[in-house]
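Presented below is the structure to which this report refers.
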């Protein structure tokens with residue numbers, strides 16, 4: 001069984017259960033065990049780079065989750081920081097040219113900063129985001145220039161399986 005198939009099966013089984021932190025940790029352990037048993041180092045032949053940051057989230061729990069799964073699957077991950085200003089995020093991405101920028105967004109008042117970030121990212125950097133506010137304003141991501149919004153870790157992994 002390929003890693004993509006294993007991940008898809010895990011997602012299908014997990015979509016019908018509550019998404020507690022314990023279940024996610026168990027899922028990560030299952031993925032890690034599958035990869036070890038099958039001698040799989042990465043989901044990709046050329047692992048992409050993911051940079052992460054927040055503008056308005058001091059805790060970064062969402063980033064912790066996507067970073068952990070991304071590293072487990074073989075991505076190179078670098079956290080820019082929490083409560084960063086737009087300039088720091090832009091300058092880091094322009095200097096390092098990551099394949100992906102992942103952010104958790106909590107506040108609607110981040111809209112102008114997000115627009116500025118999306119307009120200033122290198123052309124190669126795909127902008128990913130998540131956070132509860134996207135459920136309340138379905139056009140927010142489009143207005144901000146965000147390329148993909150994941151409602152949860154399963155949707156993020158689904159994205160990784162099918163789009164990278």
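Just rank 103, 75, fewest to most, by other beta-carbon atoms within 10 angstrom.
75, 103
Top mean-square fluctuation among 92, 49, 104, Gaussian network model of the chain, C-alpha springs under 10 Å?
92
What's the extension gain from residue 12 to residue 109 if we count 0.36 nm per residue and subtract their Cα-Cα distance?
Using 0.36 nm per residue and subtracting the Cα-Cα distance, I get 31.4 nm.
Does the chain come out rounded, prolate or oblate by the C-alpha gyration tensor, with a ≥ b ≥ c the root eigenvalues, rounded set by a/c under 1.5 and, if not, prolate when a/b is larger than b/c and oblate if not?
Because a/c hits 1.5 or more and a/b exceeds b/c, the chain counts as prolate.
Measuring from label point to label point, each 7 Å out along Cα→Cβ, what is the residue 37 to residue 72 span in nm?
So the two model labels end up 1.5 nm from each other.
Among 52-64, 138-150, how do they line up from the highest to the lowest mean number of other beta-carbon atoms within 10 Å?
Highest to lowest by the protection proxy: 52-64, 138-150.
Would the stretch 1-60 count as rounded, prolate or oblate if I go by the C-alpha gyration tensor, calling it rounded below 1.5 in a/c and otherwise prolate when a/b exceeds b/c, oblate otherwise?
Oblate is the answer for the stretch 1-60, as a/c is 1.5 or above yet b/c matches or exceeds a/b.
Suppose R0 equals 45 Å; then what is the FRET efficiency for residue 116 and residue 45 from their Cβ-Cβ distance, rounded to the nearest 0.05?
0.85
Taking the chain as a Gaussian network, where each spring joins two C-alpha atoms under 10 Å apart, which residue of 111, 67, 37 fluctuates the most?
37
With n ≥ 4 as the cut-off for DSSP H runs, can you work out [θ] at 222 nm for the chain, using -39500 (n - 2.57) per run divided by the number of residues, rounded to the nearest 500?
So the helix-based figure for the chain works out to -15000 deg cm²/dmol.
Read-outs throughout are calculated quantities, based only on the coordinates presented, and are distinct from any laboratory measurement. The structure displayed is predicted, hence computed values, not measured ones. Neighbour counts are summed over all protein chains in view; Cβ atoms, including those assigned to glycine, are modelled from backbone coordinates with ideal geometry.
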